[in-house]
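I have placed the structure first, in the form of structure tokens, so that the comments after it can refer back to it.
The values are calculated or read from the model by the stated rules, or taken from the named source; none is laboratory data. Every value quoted in this text rests on a predicted model; they were computed, and no experiment measured them. In this analysis, Cβ positions are derived from the backbone assuming ideal geometry, glycine residues included, and neighbour counts consider all displayed protein chains. Please note that ligands, DNA and RNA were not included when accessible areas were found on the heavy atoms of the full protein model with its side chains. Shrake-Rupley method; radii C 1.70, N 1.55, O 1.52, S 1.80 Å.
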Amino acid sequence: MTKVTFCCTIFLATILFRPVLAQKNVRDSCVSMGIASFGYMAQLPGADLADRFGFSNSLAIYGGYKLDNNWSFGLSYHFQFGSLVQENDMLDDMRTSEGFILNSNGLPANVLLFQRGHVGQAHIGKLFPWIGPNPNAGVLFRFGMGYWTHRIRIEHINDAIPQLEGEYKKGYDRMAGGMILSQFIGYQHTSNNRLINFYAGFEFWQGIMQPLRSYQYDLMGPEEGSRFDLNFGIKAGWILPIYKRPPPEYMFN
């Protein structure tokens with residue numbers, strides 16, 4: 001996902017340094033503005049994803065642009081992580097009769113499993129100023145489409161396990177990826193004085209995924225079949241709106 005992260009960074013930088021020519025007052029008019037946001041999402045899985053993972057977290061960055069008609073567009077990147085792995089039998093062939101995985105010294109090793117995922121999306125949204133201090137705040141509907149990938153991260157800190165070193169880990173990590181659709185509904189707050197700007201709401205993901213590894217050691221072949229992964233989250237974050245203040249002659253009219 002390095003390319004997705006790079007593209008999001010370039011897009012965000014373009015928004016940040018673009019001169020936004022808003023000659024209206026944000027208090028009483030819809031204003032065009034660049035938007036950068038940083039957020040967190042607490043997530044629960046559904047469908048096939050619930051068979052593999054439990055509760056997870058996601059950190060998000062977004063860079064976009066809101067038009068003066070309150071339509072918006074942008075790009076986002078999510079880093080997904082968690083420690084509840086439900087599908088944990090891929091290492092059973094390595095375990096002793098007592099259930100241990102042994103390190104290179106023949107001693108029980110501490111093997112940990114985690115969830116890791118990456119999501120890059122393009123978005124379009126519409127803000128409805130039904131509530132809030134000005135026409136640039138209100139109920140936000142946003143739709144996204146992009147690419148989602150996730151895998152099981154295997155860690156064995158302070159233990160040397162030859163079967164799980166380097167590239168061998170990929171033979172157990174169940175990496176999958178594919179197209180994602182998402183929907184967000186919530187409240188976006190843009191203050192009159194730029195000091196308090198945030199969003200909060202619910203976000204839903206639907207992924208049509210395919211296994212990405214050509215071989216999984218415990219399966220003695222590739223993982224078969226497509227996946228339908230769902231994700232439900234509560235999301236909130238801080239917004240940095242970027243727009244010019246109206247000229248003094250406007251402010252005193």
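Worth a mention:
- In segment 189-216, the residues that are of a type in the set (Phe, Trp, Tyr) and closer than 30 Å to LYS66 by Cβ: PHE198, TYR199, PHE202, PHE204, TRP205
- Whichever residue in segment 7-42 is basic (Lys, Arg) and modelled with pLDDT of 55 or more and, among such residues, is surrounded by the most Cβ atoms within 10 Å (Cβ to Cβ): LYS24
- Within segment 152-179, if we keep just the residues that are part of a strand (DSSP E or B) and without any contact (Cβ under 8 Å) to a residue 40 or more places away in the chain, the residue that is surrounded by the most Cβ atoms within 10 Å (Cβ to Cβ) turns out to be GLY177.
- Extreme residue, nearest to HIS150 (Cα to Cα), among residues of segment 85-113 that are in contact with a Leu (Cβ under 7 Å, 6 or more places away or on another chain) and of a type outside the set (Val, Ile, Thr): ASN88
- For segment 99-115, the set of residues classified as more than 18 Å from LYS169 (Cα to Cα), part of a loop (DSSP other than H, G, I, E, B) and open to solvent by 70 Å² or more (accessible area, probe 1.4 Å) consists of ASN105, LEU107, listed by residue number.
- Residues within segment 117-137 that are more than 27 Å from LEU49 (Cα to Cα), touching a residue at least 60 places away in the same chain (Cβ under 8 Å) and part of a strand (DSSP E or B), tallied: 1
- Residue match in segment 222-238 (condition: hydrophobic (A, V, I, L, M, F, W, C), out of contact with any Phe, Trp or Tyr (no Cβ under 8 Å at 6 or more places or on another chain), open to solvent by 70 Å² or more (accessible area, probe 1.4 Å) and part of a loop (DSSP other than H, G, I, E, B)): no
- Annotation for segment 135-154: at least one member residue is under 26 Å from GLU223 (Cα atoms) and in contact with a helix residue (DSSP H, G or I) (Cβ under 6 Å, 6 or more places away or on another chain).
Okay, residues lined up against (1) closer than 22 Å to ASN88 by Cα; (2) buried (at least 18 other Cβ atoms within 10 Å of the Cβ):
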position	(1), (2)
PHE184	no, yes
GLN188	no, yes
ARG194	no, no
TYR199	no, yes
PHE202	no, no
LEU212	yes, no
TYR215	yes, no
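- Qualifying residue in segment 75-89 (condition: modelled with pLDDT of 95 or more, outside any loop (DSSP other than H, G, I, E, B), open to solvent by 70 Å² or more (accessible area, probe 1.4 Å) and within 23 Å of PHE141 (Cβ to Cβ)): no
- Where PRO45 falls short, out of the listed (1) at pLDDT below 95; (2) in a strand (DSSP E or B): (1)
- In segment 21-79, of all residues being hydroxyl-bearing (Ser, Thr, Tyr) and in contact with a Pro (Cβ under 9 Å, 6 or more places away or on another chain), the one that is farthest from SER191 (Cα to Cα) corresponds to SER56.
- Enumeration of residues in segment 44-69 that are within 16 Å of ILE152 (Cβ to Cβ) and open to solvent by less than 20 Å² (accessible area, probe 1.4 Å): LEU49, ARG52, PHE53, GLY54, SER56
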